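Reading through the structure tokens given below for one structure.
The values are calculated or read from the model by the stated rules, or taken from the named source; none is laboratory data. Note that the coordinates shown come from a computational prediction; the quantities given were computed from them, not determined experimentally. Reconstructed Cβ throughout: ideal geometry from the backbone, glycine too, with neighbour counts over all protein chains shown. Areas reflect the complete protein model, heavy atoms only, side chains present, ligands, DNA and RNA absent. Shrake-Rupley method; radii C 1.70, N 1.55, O 1.52, S 1.80 Å.
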Amino acid sequence: MDKLTKLEKYRQCSDAAIVPSGLESTAFIQGRSATAETGAELIYARQDYPGCLVAEDVLADYEHATSCMAFSSGMAAATSIFQALDPGSSVVVPKQVYWPLQVWLNEFSGNQGIQVNWVERAETDAILAAIDDNTKLIWVEMLTNPDLHLLDVRGLSRRTRGDIKLVVNATCLSPILAKPLDLGADLVMHSVTKIIGGHNDLIGGAVSTAVEDDFWQKLSRLRWVLGNGMSARDAAMLYRSLMTLKQRVLAASANALEIAERLQGHPLVDKVIYPGLSTYKGKNKLKSNLTGEGYGPIIGLHMRLDSEQCRDFCANTLVWRNATTFGGYMSCLEHRASAEYMINQSQNDYVRLSVGLESVDVLLDDLFCALEHYELPIAV
Ligand code: PLP
């Protein structure tokens, strides 16, 4: 068999496969006269490759975006956005954002000539008050990890100066439950490692934009020269995950709501935090920011247990995995303070649950059994 025949066979196979194939190729055949400037659209995977383009297009549709870019991790996506700013820019960031991003902003953003105006709480008025003449970007998490505080993105975007980019990290909600671009945000970012990936088998980040402006072009060039785009294998896995995203998110959200409701009133649970509960602070006001399809997989529990007991409780479950992630089809839980260092955000009594697709009864039984090891508070 000569080389051409092999290639033809391969192409036939790609065309006939019902699972998209060839998505993982990282280099592409160029025409005879192609140069880097005038050549084929696909050249080399650090710029673009089919697997990534396909996944990006699907995600852009979910976000109601013009375009989407996939990165090697959520942190790569987040830090690239800050690196695309001009030196001398200031940014406004509430302290209720994913803690390694705070580490990057504290330690490395100065090297880029960026000043960070930190805000104690992710509240609209406090964020607006931190804007100065050089502010070019506001970074917020729409539903904060780990403490599940919902931010009014529509209200914030209405009151933000036009030359400031409002960037919304919507990792804890997914584009099924929130579409920040429809609410006036300029960019939406996800750690697709979490809900969007949904299987705990890929790591990645994604940024989607309302308009392909100069900043977007700069971000794209930055990804090319830094080489921090998503890997071909992860992009293929991401494409697979996107095909079931809606079903997974709706099912996990329905499970989470039922579990949150049934955990309320357990004598060892002081407080259940879940945006779908009637007890959730500010829920009605902020409901209109969401698509109305649910509230996501994450539940926060303030336990009537000390730090060691919380860790022990998490380790004693059989169905729930004691792991530091969320949004997968399998349920996970963790004592959050034990997973944080350098910047501590969580109280010692806080356990974060990520509800998956298992049966609610099985999941609750598992939690209740693990809690049987502890004495009930005397007052109850
Ligand atoms: N943003 C949020 C809200 C996260 O929870 C995480 C990770 O947990 C990230 C960003 C970073 O994503 P990655 O771990 O994919 O780098």
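Quick one: count up the residues across region 131-159 that are open to solvent by 20 Å² or more (accessible area, probe 1.4 Å) and away from the ligand (no atom under 16 Å from the Cβ).
10
Can you name the residue in region 184-194 that is open to solvent by 10 Å² or more (accessible area, probe 1.4 Å) and closer than 27 Å to LEU257 by Cα and, of all such residues, is farthest from the ligand (Cβ to nearest atom)? Before you say what the answer is, go through the steps one by one.
Applying the first criterion (open to solvent by 10 Å² or more (accessible area, probe 1.4 Å)) to region 184-194 yields 184, 186, 191, 193-194.
Applying the additional criterion that residues be closer than 27 Å to LEU257 by Cα yields 191, 193-194.
Numbers: SER191: 3, THR193: 4, LYS194: 6 Å.
If we take residues in region 184-194 being open to solvent by 10 Å² or more (accessible area, probe 1.4 Å) and closer than 27 Å to LEU257 by Cα, then LYS194 is farthest from the ligand (Cβ to nearest atom).
Could you list, ordered by first residue, the pairs with Cβ atoms under 8 Å in which the first is in region 162-174 and assigned to a strand (DSSP E or B) and the second is open to solvent by 20 Å² or more (accessible area, probe 1.4 Å) and within 11 Å of the ligand (Cβ to nearest atom), at least 6 apart or interchain?
From residues that are assigned to a strand (DSSP E or B), the pairs are ASN169/TYR98.
Can you spot a residue in region 161-183 that is open to solvent by less than 20 Å² (accessible area, probe 1.4 Å), within 12 Å of the ligand (Cβ to nearest atom), of a type in the set (Gly, Ala, Ser) and at positive phi?
Yes: region 161-183 contains one or more residues that are open to solvent by less than 20 Å² (accessible area, probe 1.4 Å), within 12 Å of the ligand (Cβ to nearest atom), of a type in the set (Gly, Ala, Ser) and at positive phi.
So which strands (runs of 3 or more DSSP E) are wholly in region 255-352 and hold at least 2 residues that are open to solvent by 30 Å² or more (accessible area, probe 1.4 Å) and farther than 26 Å from LEU245 by Cα?
The strands (runs of 3 or more DSSP E) meeting that bar are 269-273.
Each row is one residue, and each column tells you yes or no for (1) among the hydroxyl-bearing types (Ser, Thr, Tyr); (2) touching a Lys or Arg at 6+ places or on another chain (Cβ under 7 Å).
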site: LEU286; (1), (2): no, no
site: GLY300; (1), (2): no, yes
site: LEU318; (1), (2): no, no
site: ARG321; (1), (2): no, no
site: THR324; (1), (2): yes, no
site: GLY328; (1), (2): no, no
site: ASN344; (1), (2): no, no
site: TYR350; (1), (2): yes, yes
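So ARG121 passes all but one of these: (1) within 16 Å of the ligand (Cβ to nearest atom); (2) more than 20 Å from ALA206 (Cβ to Cβ). Which condition number does it fail?
Answer for ARG121: the failing condition is (1).
Considering region 75-110 alone, what residues qualify as being acidic (Asp, Glu) and either assigned to a helix (DSSP H, G or I) or crowded, with 20+ Cβ neighbours inside 10 Å (or both)?
Of the residues in region 75-110, the ones acidic (Asp, Glu) are 86, 107.
Selection gives GLU107 alone.
Need pairs with beta-carbon distance below 6 Å; first residue under 15 Å from TRP99 (Cα atoms) and among the hydrophobic types (A, V, I, L, M, F, W, C) and within region 76-87, second assigned to a loop (DSSP other than H, G, I, E, B) and within 13 Å of the ligand (Cβ to nearest atom); sequence gap 6+ or separate chains.
Every condition considered, the pairs that remain are ALA76/ASN228.
Looking only at region 111-156, which residues are without any contact (Cβ under 8 Å) to a residue 12 or more places away in the chain and part of a helix (DSSP H, G or I)?
ASN111, ASP125, ALA129
Across region 195-221, what is the number of residues that are assigned to a loop (DSSP other than H, G, I, E, B), farther than 19 Å from GLY296 by Cα and either without any contact (Cβ under 8 Å) to a residue 40 or more places away in the chain or more than 10 Å from the ligand (Cβ to nearest atom) (or both)?
6
How many of the residues in region 219-254 are more than 20 Å from TYR44 (Cβ to Cβ), open to solvent by 40 Å² or more (accessible area, probe 1.4 Å) and of a type outside the set (Ser, Thr, Tyr)?
The total comes to 8.
Restricting the search to region 353-362, which residues are surrounded by fewer than 15 Cβ atoms within 10 Å (Cβ to Cβ) and either over 17 Å from THR317 (Cβ atoms) or not charged (D, E, K, R) (or both)? Step through it out loud before you land on a result.
Taking region 353-362 as the starting set, the residues that turn out to be surrounded by fewer than 15 Cβ atoms within 10 Å (Cβ to Cβ) are 359, 361-362.
Across region 353-362, the qualifying residues are SER359, VAL362.
I need a count of the residues in region 261-282 that are in contact with a Phe, Trp or Tyr (Cβ under 9 Å, 6 or more places away or on another chain) and within 18 Å of LEU177 (Cα to Cα).
Total meeting the criteria: 6.
Looking at region 48-57, is at least one residue more than 16 Å from the ligand (Cβ to nearest atom), open to solvent by 10 Å² or more (accessible area, probe 1.4 Å) and among the aliphatic types (A, V, I, L, M)?
yes
Go through LYS271, LYS283 for me and flag whichever is free of Cβ contacts under 8 Å to residues at least 40 places away in the same chain and more than 15 Å from the ligand (Cβ to nearest atom).
Numbers: LYS283 fails: free of Cβ contacts under 8 Å to residues at least 40 places away in the same chain.
Exactly one residue qualifies, and that residue is LYS271.
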